Amino acid sequence: MKQVHNFTAGPCILPQQAIDNAIEALKDFKGTGIPVISISHRTKEWESVMDECRSLWRELLNIPEDYEILFLGGGASMGFLYVAMNFLEGKAGYLETGVWAKKALKEAKGLGNAYAVASSAETVFNYIPKGYEIPSDLDYFHITTNNTIYGTEIHEDIDCPVPLIADMSSDILSRPVDVTKYAMIYGGAQKNVGPAGVAFFIVKKDLLGKVSRYIPTMLDLRSHIDGQSMYNTPPVFSIFVMNETLKWLKGIGGVEAIQKVNKEKAELLYGEIDRNTLFRGTAAVEDRSLMNVCFVMAEGYENLQDEFMAFAKAKGMAGIKGHRSVGGFRASIYNACPIESVQALVDCMKEFEELHK
Ligand SMILES: *Cc1c(COP(=O)(O)O)cnc(C)c1O
């Protein structure tokens, strides 16, 4: 198979171990003689995967017992609607740090009173707003911890006077998180924990049931809690691969261990971006994401963009094109991206600089 370094933003690189085990399970799921995608989700073999996956989440993120863990279809984008449907009664505040945050806010606006408490829209979201005050009369405050498109990240669990809800699609399980600071954490799996098709919800159960609106059954998180994520047929294959990804993460030492590696990888790449005269980073230095590294050609070298893209591609770099709304380059270096790939990209940038000295 062709050797590539995969920096795609999502769906993205997953641990090879998870993929190999998924291939095996497609042939024979747990010795049943049936492929994992052809077995009933009401069998004990399948239920054992659900149980294992929930307990791995609990263990890896240290999730307290009063939080429920759900695996649902619809992606993070459906999550935007789940948030508003299940938590918005009076007023909600959002931290507007990018397109995903805006989309989350849009769903809440559609159902009631919601607004951006602070925003970095005026500089195309290249930083995380700070020094804003969170009003104490909000039903909840919503943040996007990692802004996949712009390469900015909220590195700490913030203090919040109202229930805090976080879209952690693209940095979940990249670092330890104090779950008790959140009313709900959710996201699509396809950036750091599995393939597309499943979203995760970690929700403090006693905060549900406080809104007076009618919530359609499928949009009511309580239906899914009652059904243990199997109110309807769950996305079995996506959950299977997510479970294998969590097993891999546990095997290499969990979130503390991966955080160390993630820091190393990010330092290596940002170090090169800052050193190399041909490139510059686009995100505010203190808010730089450890997951999505965004950069462009330095001033005076803009004309080399296409050439670098072709050069990098020829060296096996895949998926480094920046999001269409910001241009330039973006290297997504999620948990499963090995440091060797980051080193290969750095070497490629160095070589390109040599060529243009
Ligand atoms: C990708 C992404 C989404 C959208 O996820 P879908 O599962 O495609 O709906 C939402 N929020 C963030 C931060 C993302 O990176």
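The values are calculated or read from the model by the stated rules, or taken from the named source; none is laboratory data. What you see is a predicted model, and the numbers here were worked out from it, not measured in a lab. All Cβ positions, glycine included, derive from the backbone under ideal geometry; neighbour counts span all protein chains shown.
Overview of values
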{"quantity": "Filtered residues of the stretch 131-157 (kept if farther than 14 Å from Ser289 by Cβ and free of Cβ contacts under 8 Å to residues at least 40 places away in the same chain)", "calculated": "Gly131, Tyr132, Glu133, Ser136, Asp157"}
{"quantity": "Given (1) over 22 Å from Ala9 (Cβ atoms); (2) touching a strand residue (DSSP E or B) at 6+ places or on another chain (Cβ under 8 Å); (3) not basic (Lys, Arg), number of the condition Pro176 does not satisfy", "calculated": "(2)"}
{"quantity": "Output for the stretch 135-150, where each listed residue is more than 16 Å from Ala118 (Cβ to Cβ) and either at pLDDT below 95 or touching a Phe, Trp or Tyr at 6+ places or on another chain (Cβ under 8 Å) (or both)", "calculated": "Asp139, Thr148, Ile149"}
{"quantity": "Criterion violated by Cys160 - all others in (1) out of contact with any Phe, Trp or Tyr (no Cβ under 7 Å at 6 or more places or on another chain); (2) over 27 Å from Cys294 (Cα atoms) satisfied", "calculated": "(1)"}
{"quantity": "Residues satisfying the stated conditions in the stretch 100-128, i.e. buried (at least 18 other Cβ atoms within 10 Å of the Cβ), in contact (Cβ under 8 Å) with a residue 40 or more places away in the chain and part of a helix (DSSP H, G or I)", "calculated": "Trp100, Ala101, Ala104"}
{"quantity": "Output for the stretch 47-99, where each listed residue is of a type in the set (A, V, I, L, M, F, W, C), part of a helix (DSSP H, G or I) and either within 16 Å of the ligand (Cβ to nearest atom) or under 23 Å from Ile154 (Cβ atoms) (or both)", "calculated": "Trp57, Leu60, Leu61, Ala76, Met78, Phe80, Leu81, Val83, Ala84, Met85, Phe87, Val99"}
{"quantity": "Residue count for the stretch 178-212, restricted to those that are more than 10 Å from the ligand (Cβ to nearest atom) and either over 28 Å from Gly112 (Cβ atoms) or modelled with pLDDT under 95 (or both)", "calculated": "4"}
{"quantity": "Qualifying positions in the stretch 308-334 - touching a residue at least 24 places away in the same chain (Cβ under 8 Å) and either in a helix (DSSP H, G or I) or touching a Pro at 6+ places or on another chain (Cβ under 8 Å) (or both)", "calculated": "Phe308, Phe311, Ala312"}
{"quantity": "Identity of the residue in the stretch 243-296, surrounded by 21 or more Cβ atoms within 10 Å (Cβ to Cβ), polar (S, T, N, Q) and over 21 Å from Ile154 (Cβ atoms), that ends up farthest from the chain's Cα centre (by Cα)", "calculated": "Asn243"}
{"quantity": "Residue among Glu45, Glu89, Glu96 that alone is surrounded by 14 or more Cβ atoms within 10 Å (Cβ to Cβ), assigned by TED's automatic domain parsing to the domain that holds Tyr127 and within 20 Å of the chain's Cα centre (by Cα)", "calculated": "Glu96"}
{"quantity": "Residue that is farthest from the ligand (Cβ to nearest atom), among those in the stretch 130-155 that are among the polar types (S, T, N, Q) and buried (at least 24 other Cβ atoms within 10 Å of the Cβ)", "calculated": "Thr152"}
